[in-house]
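The next block holds one structure in the form of structure tokens; read it before the comments.
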Amino acid sequence: MKETEALQNGRIIRGVGGFYYVSCEDGILYECKARGLFRKEGTKPLVGDLCRVAPVKDSGPGAYPVGNIEEILPRKSTLLRPAVANVDQALIIFSLKSPEPNFGLLDTFLLRMELSGLPVMIAFNKTDLDREGELEKEAERIYESTGYTILFFSAKEQEGVEEIQKRLTGKCTAVAGPSGVGKSSLINLLQGNVRMETGGVSRKTSRGKHTTRHSELIRLSGGGYICDTPGFTSLGTDEFEKEDIARGFREIGKWQDACRFAGCSHIAEPDCAVKEKLAEGLISPERYDSYVRLYTECRDRRRSR
Ligand code: GDP
Ligand code: ZN
């Protein structure tokens, strides 16, 4: 075996053509192979993996210092589409205006996240277009009883960005949202000015211009990583059963044990606890409508099979 320096702990932030780029605790980005690893452990490295790297001494004049991945640490979780390991949480971004929030789409996304068990935060951008605060109030009213963390910010005015940064520090966060809501603008702010790890080439402007999308982690200036997810295509309900839907709407699922009928759909049955809470204002009508829409979609899909 070749002489190597002490092993470094790191995280794979990019994988291209058999090379893995590992951001290590020594602050260096290593270009690595995973020689022998797959044979030994049957593990294929994944972006997001925490690993141990053996730096190769005198690795020559290439763009990056070279290392070899010796070990992949056990994965806490694996996100599919994009495939990323060890994601801690999701941040869903919408804008209050231009474009107006599509709450139905947000609810579909929340349902999927809730059922996958990933903690979620919602952030609404463009507060600068809502100086009266009316749109903010509306979003708060709809989502208050969900219990999700709801943040408001303006990437343009750089308001509320620190609060978001604080919540991302030290974590790996999947960022998602429709196009035009300001995801790139926010990510640029969180990245700070310098991107040392890309060898001096700024990748800031490259977002959205890739023809093929590899998953990739972006290192934040305050610590932590962002995984910029390709978005909101394929947001169907195919993978759910109608029985799952209420559980995926937290503030609806939590009342359903009190319904008269087990398996209550909370749509037309008598003595439905969910409909009572809806009438009392403990569930917002918008969220309930989303629930009914998704439940019906799931039910009808199954019938037509
Ligand atoms: P993405 O598609 O989600 O990545 O959104 P971008 O970051 O590309 O932003 C889309 C558009 O919204 C651009 O024209 C931005 O200049 C604009 N934008 C981003 N953040 C803000 C904001 O806080 N306020 C306003 N008024 N416009 C914003
Ligand atoms: Zn019910």
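As a summary of the residue check, residue 305 satisfies the conditions (1) modelled with pLDDT of 95 or more; (2) of a type outside the set (Ser, Thr, Tyr); (3) more than 21 Å from the chain's Cα centre (by Cα) except for the one numbered (1). Of the residues making up segment 162-179, those that are open to solvent by less than 50 Å² (accessible area, probe 1.4 Å) and within 14 Å of ligand 1 (Cβ to nearest atom) are 164, 175, 176, 177, 178.
For residue 100, state whether it is within 20 Å of residue 238 (Cα to Cα) and open to solvent by 20 Å² or more (accessible area, probe 1.4 Å). Break it down stepwise before answering.
Details: within 20 Å of residue 238 (Cα to Cα): no; open to solvent by 20 Å² or more (accessible area, probe 1.4 Å): yes.
Judged against the criteria, residue 100 is not a match.
Take the conditions (1) in contact with a strand residue (DSSP E or B) (Cβ under 8 Å, 6 or more places away or on another chain); (2) open to solvent by less than 40 Å² (accessible area, probe 1.4 Å); residue 136 misses just one of them, which is (2).
So is residue 53 in contact with a strand residue (DSSP E or B) (Cβ under 9 Å, 6 or more places away or on another chain) and either within 16 Å of ligand 2 (Cβ to nearest atom) or in a loop (DSSP other than H, G, I, E, B) (or both) or not?
Working: in contact with a strand residue (DSSP E or B) (Cβ under 9 Å, 6 or more places away or on another chain): yes; either within 16 Å of ligand 2 (Cβ to nearest atom) or in a loop (DSSP other than H, G, I, E, B) (or both): no.
No: the conditions fail for residue 53.
All of 87, 56 fail the test of being more than 30 Å from residue 154 (Cβ to Cβ) and either open to solvent by 40 Å² or more (accessible area, probe 1.4 Å) or in contact (Cβ under 8 Å) with a residue 40 or more places away in the chain (or both), apart from 56.
Suppose the filter is open to solvent by less than 20 Å² (accessible area, probe 1.4 Å), β-branched (Val, Ile, Thr) and not in a strand (DSSP E or B); does residue 47 pass it? For residue 47, the condition - open to solvent by less than 20 Å² (accessible area, probe 1.4 Å), β-branched (Val, Ile, Thr) and not in a strand (DSSP E or B) - is met.
Taking the criterion of being at pLDDT below 95, aliphatic (A, V, I, L, M) and not in a loop (DSSP other than H, G, I, E, B), the residues of segment 70-91 that qualify are 72, 79, 84, 85, 90.
Filtering segment 29-43 to residues that are at pLDDT 75 or above and either farther than 17 Å from residue 10 by Cβ or of a type in the set (Asp, Glu) (or both) leaves 31, 36.
Does residue 115 qualify as being surrounded by fewer than 19 Cβ atoms within 10 Å (Cβ to Cβ), among the hydrophobic types (A, V, I, L, M, F, W, C), more than 16 Å from ligand 2 (Cβ to nearest atom) and outside any loop (DSSP other than H, G, I, E, B)? Spell out how you get there, then give the answer.
On the way: surrounded by fewer than 19 Cβ atoms within 10 Å (Cβ to Cβ): yes; among the hydrophobic types (A, V, I, L, M, F, W, C): yes; more than 16 Å from ligand 2 (Cβ to nearest atom): yes; outside any loop (DSSP other than H, G, I, E, B): yes.
Yes: the conditions hold for residue 115.
Screening residue 70 on (1) under 26 Å from residue 281 (Cα atoms); (2) in contact (Cβ under 8 Å) with a residue 40 or more places away in the chain; (3) open to solvent by 40 Å² or more (accessible area, probe 1.4 Å) shows it passes everything except condition (1).
Listed by first and then second residue, the pairs linking a residue in segment 282-305 that is under 24 Å from residue 139 (Cα atoms) and among the aromatic types (Phe, Trp, Tyr) to a residue that is in a helix (DSSP H, G or I) and open to solvent by 20 Å² or more (accessible area, probe 1.4 Å), with Cβ atoms under 6 Å apart and 6 or more places separating them unless they lie on different chains, are 288/278; 295/242. Residue count for segment 118-136 satisfying the condition of being over 18 Å from residue 187 (Cβ atoms) and in contact (Cβ under 8 Å) with a residue 40 or more places away in the chain: 2. For segment 214-221, the criterion of a residue being of a type in the set (Gly, Ala, Ser) and at pLDDT below 90 is satisfied by at least one position. Would a scan of segment 274-282 turn up a residue that is within 28 Å of residue 101 (Cβ to Cβ), open to solvent by 40 Å² or more (accessible area, probe 1.4 Å), near ligand 2 (Cβ under 8 Å from one of its atoms) and not hydrophobic (A, V, I, L, M, F, W, C)? Yes: one or more hits.
The values are calculated or read from the model by the stated rules, or taken from the named source; none is laboratory data. Just so it is clear, the structure is predicted and the values come from calculations on it, not from any experiment. Cβ sites come from the backbone with ideal geometry, for glycine too, and all protein chains shown count toward neighbours. Each accessible area value is taken on the protein alone, full model and side chains, heavy atoms only, with ligands, DNA and RNA left out. Shrake-Rupley method; radii C 1.70, N 1.55, O 1.52, S 1.80 Å.
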